[in-house]
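The values are calculated or read from the model by the stated rules, or taken from the named source; none is laboratory data. Because the structure is predicted, anything quoted here is derived from the model rather than measured. In this analysis, Cβ positions are derived from the backbone assuming ideal geometry, glycine residues included, and neighbour counts consider all displayed protein chains. For accessibility, only protein heavy atoms count, side chains too; no ligands or nucleic acids. Shrake-Rupley method; radii C 1.70, N 1.55, O 1.52, S 1.80 Å.
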Number of protein chains: 2
Amino acid sequence: MTTPSALVFDAYGTLFDVHAVVQRCDAFWPGRGAALSQLWRAKQLEWTWQRSLMRRYVPFSQVTLDALRYACEALGLACGAEQADALMAEYRRLATYPDVADALVRLRPGRKLAILTNGSPDMIEPLVAHHGLRFDAVLSVDELAVYKPAPEVYALAVRRLGVAATDIGFVSSNGWDALGAKSFGFRAWWINRAGAPLDRLDARPDGLLRGLGELPQALAA
Amino acid sequence: MTTPSALVFDAYGTLFDVHAVVQRCDAFWPGRGAALSQLWRAKQLEWTWQRSLMRRYVPFSQVTLDALRYACEALGLACGAEQADALMAEYRRLATYPDVADALVRLRPGRKLAILTNGSPDMIEPLVAHHGLRFDAVLSVDELAVYKPAPEVYALAVRRLGVAATDIGFVSSNGWDALGAKSFGFRAWWINRAGAPLDRLDARPDGLLRGLGELPQALAA
């Protein structure tokens with residue numbers, strides 16, 4: 001099988017490490033950071049799916065802020081403008097995983113590289129610029145007003161990159177996102193950092209990775 | 001404002017208490033029942049949303065069994081056919097909450113009463129029959145092949161009951177379900193058993209209840 005002529009990456013948790021947000025939570029609310037960030041992330045995702053089904057899209061920056069406020073309220077933590085602003089700012093300068101920069105250099109020759117993210121432009125564009133990363137396209141669901149794993153999200157990459165779905169390799173650390181892409185027709189690699197079981201969504205990824213650094217060799221094999 | 005001429009109820013967690021499933025989990029895997037049932041429920045719901053967005057519907061009985069197997073795998077618990085069959089059977093004979101039978105009798109005069117559930121007919125019909133409950137309609141998302149909170153689910157109740165959306169009162173213990181119904185155009189009551197914050201989904205319920213027993217008085221007020 002030929003290697004994909006385009007690679008499309010999820011952003012948060014795949015290229016960018018959200019752990020700094022957890023640390024900042026713990027700095028504001030000592031000992032509660034893990035519980036807060038877990039509930040924050042859970043609500044953030046739930047609402048992307050529910051809002052998509054309800055046809056009540058709002059940008060990811062709004063969902064993310066709403067979910068932070070919800071999680072603080074649920075856990076009895078006071079969250080003023082200072083905390084909210086600082087945590088949202090953290091999202092615009094997340095570190096990349098250590099193996100990302102080198103992997104992107106090795107993956108680049110002869111290929112288009114793109115990001116396809118739930119993140120709205122006000123979140124993802126400053127983050128990509130902060131790192132000086134170059135992609136052929138930084139695509140956000142925002143222009144479609146529906147979140148992953150709706151097939152029209154993955155179709156956006158086909159349209160914008162001008163590459164057939166079967167010739168696109170998609171990489172995500174979210175199993176359901178990798179399987180949404182696979183179900184749409186992409187080839188898909190799942191970065192399974194947590195060693196989680198595979199989601200039961202009628203599809204299997206083409207490969208499992210522990211980090212993006214393993215992808216060049218996986219494609220060469 | 002006139003009281004609704006039809007009342008539509010969510011099933012699991014609203015009329016039927018899923019706690020017996022938790023107890024049975026704990027009997028099979030002592031000390032792990034709470035963690036297992038929490039992850040089981042979380043995956044069950046996630047997949048209803050993700051599959052709806054992916055256009056990969058399978059019936060709720062399948063999603064529920066898949067989620068049980070996933071949760072056991074994630075927690076390192078052996079789940080054979082005996083455990084799986086017993087837990088799925090539990091779903092077909094869940095107890096009603098203590099105040100449900102009396103509330104339904106008091107709510108009945110002059111109104112249509114219906115269930116609108118994610119549960120597939122193979123789950124919900126034996127459960128309703130087990131309790132000898134009488135409804136004007138027991139409606140499942142199964143015929144639509146999409147899960148709550150998609151608006152077409154709530155539209156099914158309008159069509160089947162022949163009652164305008166604004167004249168239907170919807171009751172759910174899931175905040176997002178109550179708000180999905182409200183967003184569609186129903187009047188909505190949220191049974192907030194856990195004292196959770198309100199989901200941020202651009203809608204507010206018409207009323208909050210601690211249990212179904214409070215609804216007759218809330219409607220009379």
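Pull up the range B:1-19, narrow it to residues that are of a type outside the set (Ser, Thr, Tyr) and open to solvent by 30 Å² or more (accessible area, probe 1.4 Å), then point me to the one that is modelled with the highest pLDDT.
Ranking the candidates gives B:17 first.
Determine which single condition residue A:208 fails, assuming it passes every other condition in (1) over 23 Å from residue B:51 (Cα atoms); (2) assigned to a strand (DSSP E or B); (3) open to solvent by 30 Å² or more (accessible area, probe 1.4 Å).
Of (1) over 23 Å from residue B:51 (Cα atoms); (2) assigned to a strand (DSSP E or B); (3) open to solvent by 30 Å² or more (accessible area, probe 1.4 Å), only one is false for residue A:208: (1).
Restricting to the range B:181-199, what's the tally of residues that are open to solvent by 40 Å² or more (accessible area, probe 1.4 Å) and of a type in the set (A, V, I, L, M, F, W, C)? Please lay out each step first, then the result.
To start, the set of residues in the range B:181-199 that are open to solvent by 40 Å² or more (accessible area, probe 1.4 Å) comprises B:182, B:184, B:193-195.
Checking the rest, the ones that are also of a type in the set (A, V, I, L, M, F, W, C) come to B:184, B:194.
Matching residues across the range B:181-199 total 2.
I'm checking my understanding of the structure. Among residues of the range B:30-48 that are in a helix (DSSP H, G or I) and basic (Lys, Arg), which one is farthest from residue B:123 (Cα to Cα)?
That would be B:43.
Considering each of B:56, B:51, B:69 in turn, give the residue that is assigned to a loop (DSSP other than H, G, I, E, B), modelled with pLDDT of 95 or more and closer than 29 Å to residue A:52 by Cα. Talk me through it step by step, then tell me what you get.
On the way: B:51 fails: assigned to a loop (DSSP other than H, G, I, E, B); B:69 fails: assigned to a loop (DSSP other than H, G, I, E, B).
From the options B:56, B:51, B:69, the qualifying one is B:56.
Just need a number here: residues in the range B:30-44 that are buried (at least 20 other Cβ atoms within 10 Å of the Cβ) and free of Cβ contacts under 8 Å to residues at least 40 places away in the same chain. Show your work before the answer.
Residues of the range B:30-44 buried (at least 20 other Cβ atoms within 10 Å of the Cβ): B:36-37, B:40, B:43-44.
Going one step further and asking which of them are free of Cβ contacts under 8 Å to residues at least 40 places away in the same chain, we end up with B:37, B:40, B:43-44.
Number satisfying all stated conditions: 4.
Scan the range B:19-29 and give yes if some residue there is farther than 25 Å from residue A:201 by Cα, among the acidic types (Asp, Glu) and touching a residue at least 60 places away in the same chain (Cβ under 8 Å), otherwise no.
Scanning the range B:19-29 turns up no residue that is farther than 25 Å from residue A:201 by Cα, among the acidic types (Asp, Glu) and touching a residue at least 60 places away in the same chain (Cβ under 8 Å).
Can you tell which of A:51, A:41, A:56 is under 30 Å from residue A:155 (Cα atoms), touching an Asp or Glu at 6+ places or on another chain (Cβ under 7 Å) and either polar (S, T, N, Q) or within 14 Å of chain B (Cβ to nearest Cβ) (or both)? Steps first, please.
Working: A:51 fails: touching an Asp or Glu at 6+ places or on another chain (Cβ under 7 Å); A:41 fails: touching an Asp or Glu at 6+ places or on another chain (Cβ under 7 Å).
When all the criteria are applied, what remains is A:56.
Hey, residue A:158 hits all of (1) touching a residue at least 12 places away in the same chain (Cβ under 8 Å); (2) closer than 16 Å to residue A:6 by Cβ; (3) more than 10 Å from every other protein chain (Cβ to nearest Cβ) but one; which does it fall short on?
Going through the list (1) touching a residue at least 12 places away in the same chain (Cβ under 8 Å); (2) closer than 16 Å to residue A:6 by Cβ; (3) more than 10 Å from every other protein chain (Cβ to nearest Cβ), residue A:158 breaks only (1).
Check residue A:161 against each of (1) open to solvent by less than 20 Å² (accessible area, probe 1.4 Å); (2) under 16 Å from the mean Cα position of the chain (by Cα) and name the one condition it does not meet.
For residue A:161, the failing item is (2).
Which members of the range A:59-81 meet the condition of being polar (S, T, N, Q) and either within 7 Å of another protein chain (Cβ to nearest Cβ) or open to solvent by less than 10 Å² (accessible area, probe 1.4 Å) (or both)?
A:64
State yes or no: is residue B:140 closer than 22 Å to residue B:91 by Cβ and of a type in the set (S, T, N, Q)? Can you show your working first?
Details: closer than 22 Å to residue B:91 by Cβ: yes; of a type in the set (S, T, N, Q): yes.
Answer is yes for this residue.
Working only within the range B:184-221, note down all residues that are within 14 Å of chain A (Cβ to nearest Cβ), free of Cβ contacts under 8 Å to residues at least 12 places away in the same chain and among the aliphatic types (A, V, I, L, M).
At the first step, the residues of the range B:184-221 found to be within 14 Å of chain A (Cβ to nearest Cβ) are B:184-186, B:188, B:192, B:194-204.
Narrowing further to those that are free of Cβ contacts under 8 Å to residues at least 12 places away in the same chain: B:194-195, B:197, B:200.
Residue satisfying the conditions is B:194 alone.
If residue B:87 satisfies all but one of (1) more than 14 Å from chain A (Cβ to nearest Cβ); (2) more than 27 Å from residue B:32 (Cβ to Cβ); (3) open to solvent by less than 50 Å² (accessible area, probe 1.4 Å), what's the number of the condition it fails?
It fails just one condition, (2).
Can you name the number of the only condition in (1) in contact with a Leu (Cβ under 8 Å, 6 or more places away or on another chain); (2) assigned by TED's automatic domain parsing to the domain that holds residue A:157; (3) not in a helix (DSSP H, G or I) that residue A:77 fails?
(2)
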